[in-house]
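First the structure, in the form of structure tokens, and then the observations on it.
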Protein chains: 4
Amino acid sequence: MPRTKEQYEQIRSKTKNKIRSAGLQLFSHKGLNGTSIQEIATSAGISTGLMYRHYKSKEDLFNDLVNTAIHAGKALESLLNSDDCPSAILKQLSDGLMHEMNKSDESAQYLVLITHSLMLGDLEQEMVESYNSVLFDQMTNLIRRGQSRGDLKPGDPYQMTLLFFSTLQGLAMMKLSLIDRFVCPSSEMLTAYLIKES
Amino acid sequence: MPRTKEQYEQIRSKTKNKIRSAGLQLFSHKGLNGTSIQEIATSAGISTGLMYRHYKSKEDLFNDLVNTAIHAGKALESLLNSDDCPSAILKQLSDGLMHEMNKSDESAQYLVLITHSLMLGDLEQEMVESYNSVLFDQMTNLIRRGQSRGDLKPGDPYQMTLLFFSTLQGLAMMKLSLIDRFVCPSSEMLTAYLIKES
Amino acid sequence: MPRTKEQYEQIRSKTKNKIRSAGLQLFSHKGLNGTSIQEIATSAGISTGLMYRHYKSKEDLFNDLVNTAIHAGKALESLLNSDDCPSAILKQLSDGLMHEMNKSDESAQYLVLITHSLMLGDLEQEMVESYNSVLFDQMTNLIRRGQSRGDLKPGDPYQMTLLFFSTLQGLAMMKLSLIDRFVCPSSEMLTAYLIKES
Amino acid sequence: MPRTKEQYEQIRSKTKNKIRSAGLQLFSHKGLNGTSIQEIATSAGISTGLMYRHYKSKEDLFNDLVNTAIHAGKALESLLNSDDCPSAILKQLSDGLMHEMNKSDESAQYLVLITHSLMLGDLEQEMVESYNSVLFDQMTNLIRRGQSRGDLKPGDPYQMTLLFFSTLQGLAMMKLSLIDRFVCPSSEMLTAYLIKES
DNA sequence: TATGAATGAGTTTTCATTCAT
DNA sequence: CATGAATGAAAACTCATTCAT
């Protein structure tokens with residue numbers, strides 16, 4: 001009695017998730033080159049051969065994960081582009097991010113993955129463009145808008161954007177390396193240089 | 001007629017510096033595993049064999065560089081432990097760090113190297129201890145002192161310490177990956193959540 | 001559909017035997033350092049990479065073979081420790097050994113392997129202890145017992161033991177280096193200094 | 001004030017002896033491939049470069065030492081070819097050899113060197129011919145002569161020759177590997193299968 | 001779908017040899 | 001004569017990928 005299409009699909013999907021999970025965990029800590037297919041397969045509880053039925057290469061898996069990270073980042077766009085008061089948006093943003101960060105390692109792992117990808121420099125330059133140009137521009141614009149409204153503190157908006165994302169990346173790495181010695185800062189600390197105190 | 005001991009020492013030292021320089025540059029960008037000995041040797045303008053007359057393995061070079069980074073970090077200790085007013089110390093610290101960061105890539109590279117080492121997790125756990133326990137403790141104590149003097153803003157001192165070092169690491173990585181699109185934040189932004197505005 | 005555990009086990013075992021065979025042959029002639037992994041792999045009809053799925057290093061294979069040799073040597077213990085008449089035991093022993101020696105190269109190769117290992121000196125000192133202390137002691141005791149029974153010729157028993165094993169090692173090497181110009185001595189010659197003529 | 005020719009000659013000779021000594025010691029234990037030029041130089045207390053002013057390659061040194069060993073072996077020829085009574089010659093031979101063996105490690109080292117050379121198989125086949133054909137033949141003839149005189153025990157003369165040289169090689173190796181746990185057998189034991197007891 | 005044996009190209013590492021001083 | 005830095009080719013070892021089952 002052969003399985004139905006759906007059953008196969010479900011098995012595939014389950015396996016793929018295990019691979020992605022293992023890959024995310026390992027890549028975020030040890031990078032693309034520091035992680036072997038064998039490690040990923042073992043960690044995912046499958047054979048190396050099976051890996052190649054889901055991804056045509058190690059880099060393919062890596063890129064898939066980086067893309068997921070990028071897409072998650074893009075989810076922030078709608079928030080950044082909303083017409084609400086900038087300080088409220090930023091508050092909501094940092095609240096949300098710190099909440100994510102507290103919840104599980106996953107968000108931090110994705111963030112660190114982006115870092116790895118950026119530092120490698122060569123491959124997938126499109127993502128860098130997406131990530132930077134789009135997200136950075138939107139954030140910079142938001143800050144500029146907030147400043148002209150008198151909502152936000154003065155200072156170079158691009159500098160502020162850079163500081164914000166740098167801090168985020170830095171926190172993600174700290175979380176992964178310090179493990180349980182890590183504590184998330186309050187979102188107020190995170191935005192102290194941005195939002196005026198009331 | 002052989003050269004004198006001093007001449008040999010000088011030759012060795014010159015070569016070693018070229019290796020360290022190339023290693024720092026490459027490791028900080030591509031990590032331990034992403035960098036090949038061949039790349040380092042080529043970048044240093046020497047043969048691969050010569051590498052091994054200075055370091056017994058690739059990891060040995062990596063660890064040497066990480067140790068240098070740690071020791072540089074320890075140079076901050078005297079500043080953190082001075083009896084001056086905490087807010088002044090922190091101001092001086094962030095001024096100094098941002099100045100370093102602006103001057104050249106080297107500081108950022110060393111910082112990122114530490115990150116790589118921390119993320120790898122396994123080797124050289126002593127450094128983690130040095131780096132964390134000592135530096136973090138001193139910073140935390142400084143903040144605590146500043147708060148009780150009414151000098152600094154309220155908030156969990158350990159959280160603040162973590163945020164500070166996270167930001168630093170994050171900025172270093174951004175600097176290396178964004179290259180000339182990177183701009184350093186002002187030291188006021190860096191310490192906005194710490195130092196009371198006057 | 002993957003193979004069964006047993007099928008895999010059989011494949012592994014077959015390959016391992018080919019490696020061991022090639023290793024024994026080459027190591028016994030050219031020593032640990034004189035033999036390259038490439039040679040072993042070629043001689044075994046496999047790729048170099050496959051070697052490392054069975055042994056984690058060249059030395060690992062070498063030690064495995066030496067251990068086999070040692071264990072084979074230990075098989076003599078029961079004979080040496082039997083309560084039979086010492087002269088009969090020694091006769092049986094040298095008959096057996098010369099027969100082994102005549103049959104194939106393998107015994108000689110294992111013996112020479114032990115020599116190589118002993119001469120290297122450093123690694124696997126336990127074997128030396130096993131091999132020497134245990135086997136030598138038992139042989140010495142046997143000779144002592146035979147002498148007090150008036151069964152064997154007089155002379156320092158330890159000296160006799162050493163001579164016996166030295167001769168064995170020497171014959172093994174001669175067999176391997178002279179190839180078909182080698183002829184085994186009769187077991188009477190081998191024990192002439194031990195067993196009284198009747 | 002430049003040195004005289006003789007002084008230079010003396011220095012050269014002294015250095016060469018140190019090299020030969022170190023080489024003999026190391027090669028006999030670890031073989032040609034197991035010994036590095038660096039080790040030899042260090043052990044001889046000189047630089048690697050100086051090695052090459054005396055020998056054009058590592059093999060050159062090895063062969064030089066093997067040749068010395070061969071020539072020393074040839075010194076036995078006159079003894080083997082003398083017209084004396086074969087049993088007396090053999091007695092004198094084994095007495096002499098055991099005395100050499102007791103005196104220092106050098107003889108044993110040269111003997112083991114020959115073994116290494118023989119086992120390598122390829123290079124310097126001439127020596128094998130010299131060593132075997134000549135020495136073995138002479139020994140075999142001597143034994144044959146002794147047997148026909150009724151001087152020596154019966155048995156295949158070639159077998160006896162082989163046993164004699166095998167034992168010698170084996171003892172040399174034992175001496176080098178057992179170090180101070182080694183004791184030389186009496187020359188009577190060594191020739192028990194050859195010489196009739198009186 | 002799933003397995004792990006097998007490959008081979010690439011990486012790390014070693015070391016005999018050269019050479020400027 | 002003497003040194004040890006430097007090279008480069010060869011050896012040891014790793015690992016992404018393929019493939020028969």
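The values are calculated or read from the model by the stated rules, or taken from the named source; none is laboratory data. These numbers come from a predicted model, not from an experiment. Please note: Cβ atoms are built from the backbone with ideal geometry, for glycine as well, and neighbour counts cover all protein chains shown. Calculation scope for accessible area: heavy atoms of the full protein, side chains included, ligands and nucleic acids excluded. Shrake-Rupley method; radii C 1.70, N 1.55, O 1.52, S 1.80 Å.
Quick notes on this structure:
- Solvent accessible area, Å² - C:Ser133, 1.4 Å probe, full protein context: 50
- For segment C:57-198, the calculated P(r) over all alpha carbon pairs, in 5 Å bins from 0 to the bin holding the longest distance, is 2, 9, 19, 22, 20, 15, 9, 3, 1, 0, 0 percent.
- Other protein chain Cβ atoms within 10 Å, averaged over every residue that makes up D:174-187: 5
- Rounded to the nearest 20 debye, the dipole size of chain D about its Cα centre is 620 debye, using +1 on the Cβ of Lys and Arg and -1 on the Cβ of Asp and Glu.
- Between this copy and the others, label points of A:Asp84 are 4.2, 9.6, 11.2 nm apart in ascending order, each placed 7 angstrom from Cα in the Cβ direction.
- Residues whose placed amide H lies under 5 Å from that of C:Ile195, excluding near-sequence neighbours: C:Lys153
- The Kirkwood hydrodynamic radius of the protein assembly as shown, based on inverse pair distances between different Cα atoms, is 33.0 Å.
- Over the Cα atoms of segment B:1-73, the radius of gyration divided by the Kirkwood radius equals 1.02; this is the Rg/Rh ratio.
- Using the Cβ-Cβ distance between A:Ile11 and B:Arg181 with R0 set to 60 Å, the FRET efficiency works out to roughly 0.85.
- Local electrostatic count, C:Glu6, Cβ distance below 14 Å [Lys/Arg +1, Asp/Glu -1]: +3
- Each residue, C:Glu77 and B:Val134, gets one label point 7 Å from its Cα in the Cβ direction; the gap between the two is 5.3 nm.
- Panel values: segment C:129-198, Kirkwood radius from alpha carbon pairs, Stokes-Einstein at 25 °C and 0.890 mPa s, translational diffusion coefficient 186 µm²/s.
- With θ taken as phi - 60° and the Karplus curve 6.51 cos²θ - 1.76 cosθ + 1.60 applied, the whole-hertz 3J(HN,Hα) list for segment B:69-85 is 4, 4, 5, 4, x, 5, 5, 6, 3, 4, 5, 4, 8, 5, 8, 5, 5 Hz, x standing for glycine and proline.
- Chain B residue nearest by beta-carbon to the axis mapping B to A, with distance in Å: B:Gly170, 1.
- Evaluated over segment A:1-66, the count of Lys pairs having alpha-carbon atoms less than 19 Å apart is 10 (only pairs 8 or more residues apart or interchain).
- Phi angles of segment D:110-121 translate, via the Karplus equation with coefficients 6.51, -1.76, 1.60 and θ = phi - 60°, into HN-Hα couplings of 5, 4, 5, 4, 4, 4, 3, 4, 4, 5, 4, x Hz per residue; Gly and Pro are given as x.
- Charge sum, other residues only, whose C-beta stays under 14 Å from B:Met173's C-beta, Lys/Arg counted +1 and Asp/Glu -1: +2
- Across identical copies of the chain, D:Asp95 has label-point separations of 3.8, 9.7, 10.9 nm, listed in ascending order, with the point defined 7 angstrom from Cα along Cα→Cβ.
- In segment A:1-56, a dipole from Cβ-located charges (positive for Lys and Arg, negative for Asp and Glu) runs towards its positive end, and of A:Thr48, A:Ala22, A:Gln10 it is A:Gln10 whose Cα lies farthest in that direction.
- Take C:Met1, move 7 Å from Cα toward the beta carbon, and the resulting point lies 1.9, 8.3, 9.6 nm from the same point in each other copy, nearest first.
- Ignoring lysines fewer than eight residues from C:Lys196 along the same chain, the ones with Cα atoms less than 22 angstrom from its Cα are C:Lys91, C:Lys153, D:Lys91, D:Lys153, D:Lys196.
- Dipole magnitude (debye, nearest 20) for segment D:1-56, charges at Cβ of Lys, Arg, Asp, Glu: 160
- 0 to 90° range, to nearest 10: angle between helix D:86-103 axis and chain D longest Cα axis: 30
- Total charge dipole magnitude, the protein assembly as shown, about the Cα centre, Cβ charges on Lys, Arg, Asp, Glu only, Debye to nearest 20: 620
- Relative contact order (%) - segment A:57-198, alpha-carbon pairs under 8 angstrom, separation at least six: 34
- Heavy-atom accessible area, probed at 1.4 angstrom with all protein chains present, ranks C:Ile179, A:Ile40 as C:Ile179, A:Ile40, highest first.
- When each of the peptides A:10-17, D:90-97, C:92-99 is scored by how many other beta carbons lie within 10 Å of its residues on average, the order from highest to lowest is D:90-97, C:92-99, A:10-17.
- Between D:Met119, D:Thr161, D:Leu76, the Cα set farthest toward the positive side of the dipole of segment D:58-198 (charges on each charged residue's Cβ, about the Cα centre) is that of D:Thr161.
- From helices alone, chain B scores -22500 deg cm²/dmol at 222 nm; the rule is -39500 (n - 2.57) for each run of n ≥ 4 DSSP H residues, then divide by the residue total.
- Annotation: B:Glu6 carries an accessible surface of approximately 130 Å², with a 1.4 Å probe and no ligand, DNA or RNA atoms counted.
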